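The values are calculated or read from the model by the stated rules, or taken from the named source; none is laboratory data. Everything numeric in this text was worked out from a predicted model, so none of it was measured. Using ideal geometry, Cβ is built from the backbone for each residue, glycine included, and neighbour counts are taken over all protein chains shown.
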Amino acid sequence: MTGQPLYMLQLPLDGRRVTAFALAHGLGGDISDGDGGYVAHALLSALFGSQAPKPFVLQPRPHHPGAVDLLAYSTVPLASLQAAAALTAQPLAHAAVDWTGAAEKTMPASLPEGLVLGFQVRVCPTMRLARGAQEKNPGAELDAFLAALDQWKAKGSPEIAEPVRETVYQQWVTNRLNGVELLELRLEGLRHVSLSRRAAAPVGASRPLRSFRKPDALYAGRFRVTNSQQLLESLAHGIGRHRAFGFGMLLLRP
C-alpha cells in the first residue's frame, strides 16, 4: 500500500433493516446463532462489490438500541463507495446504512518511531495444517490451541509442559503484530462462536450456508512503533484469518 492513502470508515447500520436484509437473503441463522459477521460481509458485498472494505468490526452504538456501527479500513474513500452503492446496490441493502451519519478519516501516512499506542483487536486464532499433517486433512483450518495440543501429544515427551489455551493464543497474536515492540497484551474476552460460510460448489450450483465453531478472542494492550510501514500494512491488511467477516481489525487507542 506504499503511497496509497488508507481511510478509516464508520458506517452506522440500522439493526432492523440489517435483519430484513439478512432474512431476504436466507441469512437469519447467522444473526440468531452466529456472530453476524457473515451478514455484514454479505451486506458490504451487496453495497460495494469487489471494493467492500476489510478488515472491519461491528460495535453496538451506545444509547441507540438496535443500532450498530461498522468500522473498517479501506483504500477507497467514502464518497466513492457511497456513489457506487447509490448506483448499483439494491434498495434493501442501501437502506441498511444511515448515510447521513457515515464518516471517514484519512490515516496518517507514517507514524513516528518510538510512539507508544494502545490497541484492541478481535481475532480468530486459527492456523492451516501443513502438508504431511497426520490424522487431519492437510490445509484444513484448526484452532491454534488444538493444533499445539496435537503437536504436544505427537512428541509424547513428559518433559514438555502441556499447552495452555490462553498462552497459545497470546503467542499467536504476538507473532502477527508487525512493526511494533509489544509492551502489554491482555485477553479481554474469549468465547467460541458459530461462523457461517458458503460451502464450495461447482460453477452454477447453489452454495449452501454452513456453520463452524471457531475461537473468538478479544485482545487489548500497548505497543511501541518500530517500523511505521509494517504497522500501517497490518492496519490495512488485518490480523489472522476471516478478516472479511469481522475479525482482525487493529483499532488504535490513545
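ALA86 satisfies every condition listed in (1) in a loop (DSSP other than H, G, I, E, B); (2) surrounded by fewer than 15 Cβ atoms within 10 Å (Cβ to Cβ); (3) hydrophobic (A, V, I, L, M, F, W, C) except (1).
Checking the conditions here, which among THR19, THR75 is β-branched (Val, Ile, Thr), closer than 30 Å to ARG210 by Cβ and over 16 Å from the mean Cα position of the chain (by Cα)?
Details: THR75 fails: closer than 30 Å to ARG210 by Cβ.
Only one candidate qualifies: THR19.
Taken across region 94-109, residues that are modelled with pLDDT of 95 or more, surrounded by 15 or more Cβ atoms within 10 Å (Cβ to Cβ) and part of a strand (DSSP E or B) do occur, with at least one present. If you filter region 30-67 down to residues that are in a strand (DSSP E or B) and at pLDDT 90 or above, you find that the one that is farthest from the chain's Cα centre (by Cα) is GLN59.
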